[in-house]
1. Take Leu187 and decide whether it is within 16 Å of the ligand (Cβ to nearest atom) and in a loop (DSSP other than H, G, I, E, B).
2. Name every residue in region 26-63 that is part of a helix (DSSP H, G or I) and under 20 Å from Ala146 (Cβ atoms), in order of residue number.
3. Within region 242-267, which residues are part of a helix (DSSP H, G or I) and in contact (Cβ under 8 Å) with a residue 24 or more places away in the chain?
4. Of the residues in region 169-184, how many are in contact (Cβ under 8 Å) with a residue 60 or more places away in the chain, under 14 Å from Ala211 (Cβ atoms) and more than 11 Å from the ligand (Cβ to nearest atom)?
5. Just checking, which of Ala249, Ala202, Ala223 is of a type outside the set (Lys, Arg), crowded, with 17+ Cβ neighbours inside 10 Å, touching a helix residue (DSSP H, G or I) at 6+ places or on another chain (Cβ under 7 Å) and farther than 29 Å from Gly154 by Cβ?
6. Filter region 148-168 for residues that are touching a Leu at 6+ places or on another chain (Cβ under 6 Å) and farther than 13 Å from Leu222 by Cα; which is nearest to the ligand (Cβ to nearest atom)?
7. For region 245-257, indicate whether the set of residues that are closer than 20 Å to Val84 by Cβ and among the small types (Gly, Ala, Ser) is non-empty.
8. Hey, Ser91 hits all of (1) more than 16 Å from the ligand (Cβ to nearest atom); (2) out of contact with any Asp or Glu (no Cβ under 8 Å at 6 or more places or on another chain); (3) in a loop (DSSP other than H, G, I, E, B) but one; which does it fall short on?
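Please treat every number below as a calculation from the coordinates, not as lab data. Here the structure is a predicted model, which is why all the values come from computation and not from measurement. For neighbour counting, all protein chains shown are included, and Cβ atoms are generated from backbone atoms with ideal geometry for every residue, glycine included.
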Amino acid sequence: ATTSAGGGAGPEQGHARAGGVRDGSGTPLGAERLAEIGLRFEVDGEIATVSLDRPERRNAQTFATWSALARIGRTLPDQVRVVVVRGEGPSFSAGIDLRMFTPEGVPGEGSFATVAGLPDEEADRRIAEAQEGFLWLRRPDIVSVAAVQGHAIGAGFQLALACDLRVLADDASFRMKEPALGLVPDLTGTKPLVELVGVARAVEICLTARAVGAEEALRLGLAHAVVPRDELSAATAELAGALLATDRAAATATKRLLQEAPGRTLAEQCAAERAAQAVRIRALAGGGAAGPAA
Ligand code: CAA
């Protein structure tokens, strides 16, 4: 059954809140409100799909987009294990809505001029709220997959980087355009970019603000797979299904171990593996888990 509304707090809600959600709202946004913002949210069993749905503006993003993404994360139904992030139309996302750079801004949302006038703490809070829309995609209890076609620029590139995996159509290209516009990438993208390609390549990509095509993205480790444009949906669905093959508790503990590995010494990581495995062994012995996947 497919539904457009979420509900219930996932097991990693505390993690999702890291960074500070300020509005405290835990109720899902309705499909109508999401449509006004240019988003769709659908749940089919254990797979949720978030669609950027403003193709006439190439899925450009605003503060409302980020706030709604954060709300989707906070209200993700418990049963969801895989989240697919995709875009309607020719491009995944053309990044921030360029009207933000005009004095008039985006109706109802202000502009950069509004943020520029805020005291430091308030400006920090506004950006932290925007980042919240991206952070939850890393939760250990879910796996997020970006399905990218056409352009993924600025905030679009960073949204794809916020996901665990990226499946690219052969016409996809990434571009970190922020420095060319006088900004820094601030939507959680710098860390995964460096982790995937290293500091030197990240500097080159960001400071030239050049486009990275699909084949290069695959070579650099920015893409999990590149497929023909008309096979993107099917390839993403196949990957999403394959990610459900493992026991959920084991998958969550494994993703957490993998995420935390770069920040640990080998000895610390070995200790973390032992601790996590002891929990799994006890759960299996006690019949508290599904047991080895078929
Ligand atoms: N904001 C608002 N509207 C946008 C938009 C954006 N970022 N990108 C495209 N659009 C609109 C265009 O104005 C156009 O509208 P009209 O039909 O009313 O003229 C419509 O979408 C279609 O655009 P194009 O005709 O340009 O479509 P295309 O497929 O030929 O090109 C594109 C697509 C390469 C993405 C091109 O539109 C483009 O370069 N867009 C701007 C990209 C950009 O500079 N984004 C900012 C990145 S930096 C960032 O995101 C900052 C941050 O995180 C803080």
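1. Numbers: within 16 Å of the ligand (Cβ to nearest atom): yes; in a loop (DSSP other than H, G, I, E, B): yes.
Here the answer is yes, as Leu187 does meet what is asked.
2. Across region 26-63, the qualifying residues are Leu34, Ile37, Pro55, Arg57.
3. Within region 242-267, the first condition is being part of a helix (DSSP H, G or I), and the residues that meet it are 242, 248-263, 266-267.
Arg248, Ala249, Ala250, Ala251, Thr252, Ala253, Lys255, Arg256, Gln259, Pro262 - these are the residues of region 242-267 that are part of a helix (DSSP H, G or I) and in contact (Cβ under 8 Å) with a residue 24 or more places away in the chain.
4. Count: 1.
5. Details: Ala202 fails: farther than 29 Å from Gly154 by Cβ; Ala223 fails: farther than 29 Å from Gly154 by Cβ.
Within the list Ala249, Ala202, Ala223, the selection yields Ala249.
6. The extreme case among them is Ala155.
7. yes
8. All conditions pass for Ser91, except number (1).
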